[in-house]
1. When the convex hull of the C-alpha atoms of the chain is computed, what volume per residue in Å³ does it have?
2. Would you work out if the range 60-110 is rounded, prolate or oblate? Take a ≥ b ≥ c from the square roots of the eigenvalues of the alpha-carbon gyration tensor; rounded if a/c is under 1.5, else prolate when a/b is larger than b/c, oblate otherwise.
3. What distance in nm separates the simple spin-label points at Val107 and Thr29, each placed 7 Å from Cα in the Cβ direction?
4. Given that compact globular proteins tend to follow 2.2 N^0.38 Å, what is the ratio of the alpha-carbon Rg of the range 101-142 to that value?
5. What does the highest-first list of 43-49, 68-74 look like by mean Cβ count within 10 Å?
6. Taking the convex hull of the Cα atoms, report for the range 27-94 its projected area averaged over all directions, in nm².
7. With no solvent and one point on each alpha carbon, what is the Debye value of log10 I(q)/I(0) for the range 58-142 at q = 0.13, 0.17, 0.18 Å⁻¹?
8. Mind checking the full-extension length gain between Ala92 and Trp55? Use 0.36 nm per residue of separation minus the Cα-Cα distance, one decimal, nm.
Amino acid sequence: MELGVKFRSDTAGHVTGVRFYKGAGNTGTHVGRLWSATGQLLASVAFTGETASGWQQATFAAPVAIAANTTYVVSYHAPNGRYAGDTGYFAASGADAAPLHALRDGVDGFNGVYRYGTGGVFPTDTWRSTNYWVDLTFTPAG
């Protein structure tokens, strides 16, 4: 299953990688991806050296430039399920760590996106505004 989050930045900059929270049952090879809001794959990276649980991080081969005030999706593939999720998280609010913002529902459709598949599929489905604990690393322009 591909699990993701829609986000925007107040400033232009570069997405340098993907992070996700892993529980002990979330096994298999994980791949992180960055997408445009329309589903164009902008970058991908396989996670290596994962720990049994906790935050996992992978860095893209090259930073990806993003524009300010534009929606993007960051995701990862959990081949065996058992992913972290908090139902209802995006229903009433997003998550803000300026300059980045994980969008609350209604800002640009629903947030907390997923899609069943073997990996590399743009996540467009949503279920009860669930936060799948996907994050990114970012460097502001300047």
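Laboratory data are not the source of any read-out in this text; all were calculated from the coordinates shown. Everything numeric here is computed off the predicted structure, so don't read it as measured data. Reconstructed Cβ throughout: ideal geometry from the backbone, glycine too, with neighbour counts over all protein chains shown.
1. Details: hull volume 13.6 nm³, N = 142.
Per residue, the Cα convex hull of the chain comes to 96 Å³.
2. On the way: a/c = 2.19, a/b = 1.05, b/c = 2.09.
It is oblate, given that a/c is not under 1.5 and a/b is not larger than b/c.
3. 3.4
4. Working: Rg = 12.5 Å, N = 42, 2.2 N^0.38 = 9.1 Å.
With N residues counted in the range 101-142, Rg over 2.2 N^0.38 Å equals 1.37.
5. Sorting 43-49, 68-74 by mean packing, highest first, produces 68-74, 43-49.
6. Details: hull surface 24.1 nm².
Its Cα hull, projected and averaged over all orientations, spans 6.0 nm².
7. Here log10 of I(q) over I(0) equals -0.46, -0.78, -0.88.
8. Numbers: separation 37, 0.36 × 37 = 13.32 nm, distance 2.49 nm.
Extra length from Ala92 to Trp55 when fully extended: 10.8 nm.
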